[in-house]
1. Top to bottom by accessible area (1.4 Å), largest first, where do SER66, SER41 land?
2. Among LYS14/LYS63; LYS10/LYS59; LYS3/LYS33; LYS15/LYS58; LYS3/LYS65; LYS11/LYS65, which pairs are too far apart, with a Cα-Cα distance over 20 Å?
3. Ignoring everything but the protein chains, give the 1.4 Å probe accessible area of GLU29 in square angstrom, nearest 10.
4. Find the accessible area per residue for the chain; the probe is 1.4 Å, ligands and nucleic acids are left out, and the unit is Å².
5. Whenever you get a sec, compute what percent of the accessible area on the chain sits on carbon and sulfur atoms (1.4 Å probe).
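The values are calculated or read from the model by the stated rules, or taken from the named source; none is laboratory data. Predicted model, so just to flag it, every value in this text is computed and none were measured. Each accessible area value is taken on the protein alone, full model and side chains, heavy atoms only, with ligands, DNA and RNA left out. Shrake-Rupley method; radii C 1.70, N 1.55, O 1.52, S 1.80 Å.
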Amino acid sequence: MGKVRIAIVKKTAKKLLERYPDKFTTDFEENQKMVTQLLNSPTKWMRNRISGYITTLKKTEEKRKSAMTSPAEELQS
């Protein structure tokens, strides 16, 4: 079983990704700095949870993009 994230963490992370999609990467440390700059002053726990969830979402997004490329396209390159 996986870990459970509270709704406020998911909602905040998704809103931040909608507003600033190019500012976040798959690096947790960079995301943590961006969350600190963009949000007023959440607790350390909340900031880390939001940053971690954003990192997870970005990694999932990259995996989906790489899965979309077909093997035939890779062979032609």
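1. Largest accessible area first, the residues go SER41, SER66.
2. LYS3/LYS33; LYS3/LYS65; LYS11/LYS65
3. 100
4. Result: 80 Å² of accessible area for each residue.
5. Ligands and nucleic acids excluded, carbon and sulfur give 53 percent.
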